[in-house]
Amino acid sequence: KKFKPLEGLKENVKYLTKEEVERIKAVLEEDDYKKFKNLVYVALHTGFRVSNINYMRWEWLDFVNKLIIIPGRYSKSKIPIEHPMNDELYEIFTNIGIKKRGYVFPRDKTGKPYTNPSRDIINKIYDKAGLDVNGFHIIRHTVGTTLAENGATNFEIQAFLHHEDFRTSRKYTHVKPKTLKNAANIISDFING
């Protein structure tokens, strides 16, 4: 009773598996969901918070240096974010039709950004894909876990997810059974080798 559990290690926090991401991608090919495909793909490629995607402006995209630059007043930490734009992100933005100004993902002809409805949209996509999850934030956990699984250092994960403290990034990396099997094999090799 004297010990407190480690902060942030909640069992109910989930990440998406590769198979679940594939199911989401399949839903995004359906006519009712195609218009959200680019928005979701940007989330999957960046791990950005939903607000960073909803309010993303063309003025923030530096296509020469392949950077997404989010001003400090739009970031949770109030510190400007410089995020790399990989080739697939560059292609997504190009396919949307690069503009000089305005929101990248306006909700309609008014040009206004999505707000809470984008959370409702992602939940409908999850439901259609047969997933028992909700919210954009699971995508951040998926990005952090995928980076950790593929050898990214804690520093790289912290920088990629734009966390001020590395301890926050730890909450976004979940140990998959494959990783535990690899760890068991390392110990076995150490003992027997």
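The values are calculated or read from the model by the stated rules, or taken from the named source; none is laboratory data. What you see is a predicted model, and the numbers here were worked out from it, not measured in a lab. Counting neighbours? That spans all protein chains shown, and the Cβs are built from the backbone with ideal geometry, glycine included. Surface areas here come from the heavy atoms of the whole protein model, side chains and all, with no ligands, DNA or RNA. Shrake-Rupley method; radii C 1.70, N 1.55, O 1.52, S 1.80 Å.
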Residues located in the range 60-72, provided they are surrounded by fewer than 16 Cβ atoms within 10 Å (Cβ to Cβ) and on the phi < 0 side of the Ramachandran plot: Asp62, Phe63, Val64, Asn65, Leu67, Ile69, Pro71, Gly72
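To keep it simple, each residue is scored yes or no on (1) open to solvent by less than 50 Å² (accessible area, probe 1.4 Å); (2) over 15 Å from the mean Cα position of the chain (by Cα); (3) more than 25 Å from Thr17 (Cβ to Cβ).
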{"site": "Tyr74", "(1), (2), (3)": "no, yes, yes"}
{"site": "Ile81", "(1), (2), (3)": "yes, no, yes"}
{"site": "Asn95", "(1), (2), (3)": "no, yes, yes"}
{"site": "Tyr103", "(1), (2), (3)": "no, yes, yes"}
{"site": "Asp120", "(1), (2), (3)": "no, yes, no"}
{"site": "Lys124", "(1), (2), (3)": "no, yes, no"}
Tally of residues being part of a loop (DSSP other than H, G, I, E, B), of a type outside the set (Val, Ile, Thr) and within 16 Å of Asn52 (Cα to Cα) across the range 112-135: 4
The range 38-49, residues that are open to solvent by less than 20 Å² (accessible area, probe 1.4 Å) and not in a helix (DSSP H, G or I): Gly47, Phe48
Among the residues listed as Asn95, Asn52, the single one being free of Cβ contacts under 8 Å to residues at least 40 places away in the same chain and either assigned to a helix (DSSP H, G or I) or within 14 Å of Asn38 (Cβ to Cβ) (or both): Asn52
Failed criterion for Gly144 (all others in (1) open to solvent by less than 40 Å² (accessible area, probe 1.4 Å); (2) among the small types (Gly, Ala, Ser); (3) part of a loop (DSSP other than H, G, I, E, B) hold): (3)
Where Met85 falls short, out of the listed (1) open to solvent by 60 Å² or more (accessible area, probe 1.4 Å); (2) farther than 20 Å from Glu19 by Cβ: (1)
Single residue of the range 23-39 satisfying the filter (touching a helix residue (DSSP H, G or I) at 6+ places or on another chain (Cβ under 7 Å) and not β-branched (Val, Ile, Thr)) that is modelled with the highest pLDDT: Leu28
Set Glu164, Glu149: member being exposed (fewer than 14 other Cβ atoms within 10 Å of the Cβ) and at pLDDT below 85: Glu164
